[in-house]
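Here's the structure, in structure tokens; my notes come after.
The values are calculated or read from the model by the stated rules, or taken from the named source; none is laboratory data. Because the structure is predicted, anything quoted here is derived from the model rather than measured. Backbone-built Cβ (ideal geometry, glycine too); neighbour counts: all protein chains shown. Accessible surface is based on the protein model in full, side chains and every heavy atom, while ligands, DNA and RNA are left aside. Shrake-Rupley method; radii C 1.70, N 1.55, O 1.52, S 1.80 Å.
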Amino acid sequence: MKAMKQIGNYKQILKMKNLLILLFLILSTAGVVFSQVPPAANAGGMSAVQKNGKIKGKIIDADSKTPMEYANIAIYRKQDSKLVTGGMANGAGEFEIGELPMGAYYVEANFIGFEKTTVADVKIIPNSTTVDMGTIELEVSRQQIGAVEVVAERNRIEYKIDKKVINVSQDINAAGGTAVTVLENTPSVEVDIDGNVSLRGSSSFTVLIDGRPSVLSGSDALRQIPSSAIENIEIITNPSVKYDPDGMAGIINIVMKKNILSGFNGIINVNAGTGKKYGTDLTLNYKTKKYNLFFGANWNDNTDEGSMKSSRETYKNDTTTFLITEGIRNQTRGGQQLKGGFDYFLSDKTSVTVSGEIGKYNFDGEGGGNLHEYKSPGTFNLYTLQDNKSSRQGNYGNATASFLSKFDEDGMHKLEGSFNYRSRNGESFENIDESVSDANFSKTNNFMSRVNTTEDENSNDYRLKVDYTLPLEKGTKLEAGIQSRIERETEIFKFKNFDPVSGTFVNNPLFTSDMDFKEDIHSIYSTYSGKFTGIQYMLGLRGEYTKRSIDHSTAEKPYTLDRFDYFPSAHFSYEMADKSQFMTSYSRRINRPGGRELDPFPNYMNQYTIRIGNPDLKPEYTDSYEFSYMRRFGSSFVSLETFYRTTNDLITRVQELKDDGIFYMSTQNLNRDHSIGGELMGNINITKWLLVNTSFTLYNYKLQGEVLGKSVDRQSTNYSGRLNTTIKFSGDSRMQLTGFYRGPSVSAQGDQKSMIFTNLSYRHEFMKKKLSATLSVRDVLGTAKFEGTSFGDDFKSTFKMQREPRVVMLTLSYKINNYKMDRQAPSEQQGEGGGDDMF
């Protein structure tokens, strides 16, 4: 039977692989059909001419003077206006197109949302085979209709060689929310009802803010960033070795709004919603030729009400014990933050940046409800009331000093470095009261259990990084860098039981402990990139030395880790003249267990559950492969991305029911898991007033390993889809409808059911777009929930959690000086340069 099951599993995977190959062949064939462009060698009368000419140059944004990566270059034969060849600009905005016969051409440079620029007379002749077109500036597309100025918009999602870019300004459903709200409608990302984010099914990802690690981590960091302060979000599923390898699923980089325009400007946002949801944020900027000052602040206080229901069966001998729970799950998240800093431009090629932020955060919870416990067979029948109150709050700070020095006019030869200090301290506490009640759940003063826990946490992180970039011959480039990361963290956990005799809470040494966590990581990396016969490539290798120590109050000696790891990466892309792209990449990632997962001391959750860490837990390593195809149609595109990801030493939560009737939760390294699948995405401008962005993800997940000595080989075919439709009523008015569906999935000891939710928003702009108002309704159908089961040989449980539906939110946004360039600004204020702004 086991052999037949394995054969069946293999057939399912084989079918899925065949499906992905078929989809890829269909799109590839379409790309070939649409891309029948006459090559230069076959242009009439030119096939015998030697192809030794080339055209090069650089494309920049005329407003910001920044390089325009992926700008399109098309080369036409002047004689008959036939397209000869084309290409795309690299990360520095530079392009070089070779293998051109002698002759006369004209060149067009273009990018979506910008005016096309044409260079009319370009000649390749025997004594001048290389034509340097210098710097080409592209203007934002504007069309004057009477007194109305229509500005071309960026796509909500842009698909680049190594990442997806989500332009937050195009997502009106995110108004008044946080980064989590934006990610709810982002391909490759899933968000559960509690705002917990996962990237391609994994919660192991790294959060960066403007390319730097966040003070808070994971979903906690994303919940603290107001969507109105975000320029775009980059989803990087296969990062190069320039980035830290932490996070199996990749990186979510939050790019904050920047303003490199001259003069004083800013933006202020205010939002309010049903169910006690409030927030505001402010961004200010002042820039001259020599310096740039920036400041920001935000405050938010959001309460989400929810419900929960669960049932659990445990089996011992011939008796089954049932526990039915039904109650509330209310959560309040809030915070305040101040940011500021300055850029100082020492020269056109050298600048320094100093920035910092301080803030407070709080996550409060209120839960509990009615519990009914009984046995069958037997007469045991108990009704209780549980009241849980928890709070996690603290302060954090972040300070950064960086420099950039360019050694050539293009800025390709450069040295840059930074020092970053992050600090966080906080306290969390939880009170759990459970009292006996009657069958109608009427409260009494007869307590079964009263528990009070507190945890003090303090962490300090230091990071020093230096990067060097050296351009080589024929457009190749070498990058190298070194980095040191030093982390220090202390945790003190106190557990107290209520003593009815003294009427006070008394310390319980069985669950009281403290821990010191130290980790030093020293890294060195190098990448080599260039272009060969039309194929762009970037190869990289990173080495890391890690030294870790966990000193626990109950341990005889510290638990240590001392090891060296290597992390290779490779990226390739091929652009065709018809705007099609083929891309493939590989990277190796790591997920390091944190202090809570490693803490060996029992952590009391409630009288039915105790959590224990595993100090022998090893990191998990992921090998990630991707292959994708994208075809552009004007301002629309369709893409297919296939991926295969396998993880060794998978960290998995395990539940074990022991003889005392208590569940013990721990973490273990399972053997391995695999994910293979694809994501089909389309961004389609059907008409000038209707834009549709849709995606569908399908992948097979397979888990291999053992839990408590028994095989847990399981697999599931997971799928999800999303739809984002924007209707433009006028230049100042639009509506957006989004929907998301997630299919069922499995884990080592359970499964998760499907879920669907929808959002609806309307935005109108006033006062020549200085003021905008957005009204949104989240979870219109009230179907957002988290529901599933878990099981073992001696237990089975079900759970269902649902959040507050149909939340109405109003957001007002006002732009100071319209937050855009004053084209009549004095010439002395039009200085270039720009540091690593925070806004």
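Where the accessible area of region 730-782 is counted over protein heavy atoms with a 1.4 Å probe, how much of it, in %, is carbon and sulfur?
Values: 1570 of 2360 Å².
Its accessible area is 67 percent carbon and sulfur atoms.
Once ligands and nucleic acids are excluded and a 1.4 Å probe is used, how much of LEU690 is accessible, expressed in Å² to the nearest 10?
30 Å²
Would you please name the GluC sites (Glu not before Pro) within region 510-580 that are DSSP coil residues with at most 10 other C-beta atoms within 10 Å of their C-beta? Write down the numbers at each step before the final one.
On the way: sites: GLU519, GLU544, GLU556, GLU575; in loops: GLU556.
Here the GluC sites (Glu not before Pro) that fit, given the DSSP loop and packing criteria, are GLU556.
To the nearest 10 square angstrom, how much accessible area does ASP551 have with a 1.4 angstrom probe?
The accessible area of ASP551 comes to roughly 70 Å².
If you find the alpha carbon centre of region 177-234 and of region 370-445, how far apart are they in angstrom?
16 Å
Taking all protein chains in place and a 1.4 Å probe, what share, in percent, of the accessible surface of region 216-351 do carbon and sulfur account for?
On the way: 2910 of 5200 Å².
After summing per-atom areas, the C and S share lands at 56 percent.
With all protein chains present, how much of the accessible area of region 620-707 (probe radius 1.4 Å) comes from carbon and sulfur, to the nearest whole percent?
Here it works out to 54 percent.
How much of PHE633 can a 1.4 Å solvent probe reach, expressed as accessible area in Å² and rounded to 10?
100 Å²
Starting at 0 and stepping by 5 Å, how many percent of the alpha carbon pairs of region 219-268 end up in each bin?
Percent of Cα pairs in each bin: 4, 16, 21, 20, 16, 11, 8, 4, 0.
What number, in percent, do you get for the relative contact order of the chain if the mean sequence gap of Cα pairs under 8 Å and at least 6 apart is divided by its residue count?
Values: 2318 pairs, mean separation 87.1, N = 839.
Answer for the chain is 10 percent.
Just the accessible area per residue of the chain, please: how many Å² with a 1.4 Å probe?
Numbers: 38360 Å² over 839 residues.
About 46 Å² of surface per residue is accessible.
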